[in-house]
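Q: My questions will all concern the structure given below.
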Amino acid sequence: QELHNPKPSDWLMLGGNMAHWNYSPLDQITRENVNQLQLVWARQLSTLGGRAGTSPVIHDGIMYLISPNDPIMAIDAATGTRIWEYVRQLPKFGAGAGLIHHRYSGAKRGVALYGDKIFTVASDNAVVALDARTGKVVWESSRGGDGYVANTSGPIIANGILIAGGSCQNAPFGCYVTGHDINTGKELWRNEVIPHPGQPGDETWGGTDFFSRWCTGVWGQIVYDPIQNLVHYGSTGTCPASDWARGVVGKKATLAGTNTRWAVRPNTGQIVWRRQLLPQDNWDQECTFE
């Protein structure tokens, strides 16, 4: 109920509410007094390198922040005092087996809060649930150990199901969105964005080998419409972007799965509708936004 109707003093998810308004109803700061704002406190993020793109989650005066390369802190929002910190031991970056091959750990945007837990998707593609009071790991569940898949926007909670997208710009395959049991992390469903050989849409790729249909991901924010009970997300283009670079000049290659909006049921992953907004994208426009 709080997620659907948050208190004005809380900021319970990336975007502030289910509709992702990025707007606060608080009115203490106005056009007239905004020039009087003064620094109250500041603290260094627990960065291990990378750029900070995070948005805080705030509940009952506690701020939760994720830093580049996955450290998460709980902070007293009034004083800046650290309450707890979670630092995950990640594999090293590199090309070998068991290493992380992507470069998308620095752009962590947010975490999810539900009940008494904080949720994240780590750079090693594990979904992790932390006790919001202590920062201790409650459970973790791997989405795959290939080293190519990352998550930058953070997961969301939709009708009691944890939903997470993926960044796959380095992967030799298209990406996916997954739904997980909130209590155990068990994967309930997985929707891949790019068709495999023989699947509907395969014919739109101009004969391109499946493992050359790469880079397409869902790195933007996923949103939930509780009235329709639909999760919405968008996919990117493919790599390389141009027909010439992909060797399909002159072919009708509309590239099913790329630059597509999706609407799915959170409990089952059932695709209720999809619409490709930009077929045969040669410009890397990307349609990942909420």
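Q: Any idea how many residues of region 126-150 are closer than 17 Å to I66 by Cα, touching a residue at least 40 places away in the same chain (Cβ under 8 Å) and crowded, with 17+ Cβ neighbours inside 10 Å?
A: 7
Q: So if I check each of G207, G220, which one is closer than 24 Å to N125 by Cβ and in a loop (DSSP other than H, G, I, E, B)?
A: G220
Q: Right, next: Scan region 49-103 for residues that are among the aromatic types (F, W, Y) and under 13 Å from G135 (Cα atoms) and jot them down.
A: Matches in region 49-103: Y64, W84, Y86.
Q: Could you run through region 40-71 and say how many residues are acidic (D, E) and surrounded by fewer than 17 Cβ atoms within 10 Å (Cβ to Cβ)?
A: Qualifying residue count for the region: 1.
Q: If you don't mind, another one. Taking the condition among the charged types (D, E, K, R), part of a loop (DSSP other than H, G, I, E, B) and in contact (Cβ under 8 Å) with a residue 24 or more places away in the chain, does R31 pass?
A: Against the criterion (among the charged types (D, E, K, R), part of a loop (DSSP other than H, G, I, E, B) and in contact (Cβ under 8 Å) with a residue 24 or more places away in the chain), R31 does not qualify.
Q: I've got another one for you. Being free of Cβ contacts under 8 Å to residues at least 40 places away in the same chain, over 17 Å from D209 (Cα atoms) and crowded, with 16+ Cβ neighbours inside 10 Å is the filter here, so list the residues in region 235-273 that pass it.
A: N259, R261, A263, R265
Q: Read through the list (1) open to solvent by less than 60 Å² (accessible area, probe 1.4 Å); (2) of a type in the set (D, E, K, R); (3) modelled with pLDDT under 95, then give the number of the only condition that D76 fails.
A: D76 satisfies every listed condition except (3).
Q: For region 88-96, state whether one or more residues are surrounded by 16 or more Cβ atoms within 10 Å (Cβ to Cβ), in contact (Cβ under 8 Å) with a residue 24 or more places away in the chain and not small (G, A, S).
A: Scanning region 88-96, I find at least one residue that is surrounded by 16 or more Cβ atoms within 10 Å (Cβ to Cβ), in contact (Cβ under 8 Å) with a residue 24 or more places away in the chain and not small (G, A, S), so the answer is yes.
Q: A further question on this structure: Which is under 18 Å from the mean Cα position of the chain (by Cα) and under 19 Å from K136 (Cα atoms), of S123, S55?
A: S123
Q: Return the pairs, sorted by first residue and then second, in which the second residue is open to solvent by less than 40 Å² (accessible area, probe 1.4 Å) and part of a strand (DSSP E or B), the first residue lies in region 1-16 and is touching a residue at least 60 places away in the same chain (Cβ under 8 Å), the beta carbons are less than 6 Å apart, and the residues are 6+ apart or on different chains.
A: These pairs meet every condition: L12/L113.
Q: Which one of these is touching a residue at least 12 places away in the same chain (Cβ under 8 Å) and more than 20 Å from the chain's Cα centre (by Cα): G106, G61?
A: The unique qualifying residue is G61.
Q: Shifting gears a bit: Suppose we filter T268, T258, T288 for residues that are of a type outside the set (G, A, S), assigned to a loop (DSSP other than H, G, I, E, B) and touching a Cys at 6+ places or on another chain (Cβ under 9 Å); which single one remains?
A: Exactly one of T268, T258, T288 is of a type outside the set (G, A, S), assigned to a loop (DSSP other than H, G, I, E, B) and touching a Cys at 6+ places or on another chain (Cβ under 9 Å), namely T258.
Q: Which residue, of N170, N183, is within 17 Å of the chain's Cα centre (by Cα), surrounded by fewer than 21 Cβ atoms within 10 Å (Cβ to Cβ) and assigned to a loop (DSSP other than H, G, I, E, B)?
A: N170
The values are calculated or read from the model by the stated rules, or taken from the named source; none is laboratory data. Note that this is a predicted model, so its numbers are computed, not measured. Because the Cβ atoms are built from the backbone with ideal geometry, glycine has one as well, and the counts that use them run over all protein chains shown. Quick note on the areas: whole protein, heavy atoms, side chains included, nothing else; ligands and nucleic acids left out. Shrake-Rupley method; radii C 1.70, N 1.55, O 1.52, S 1.80 Å.
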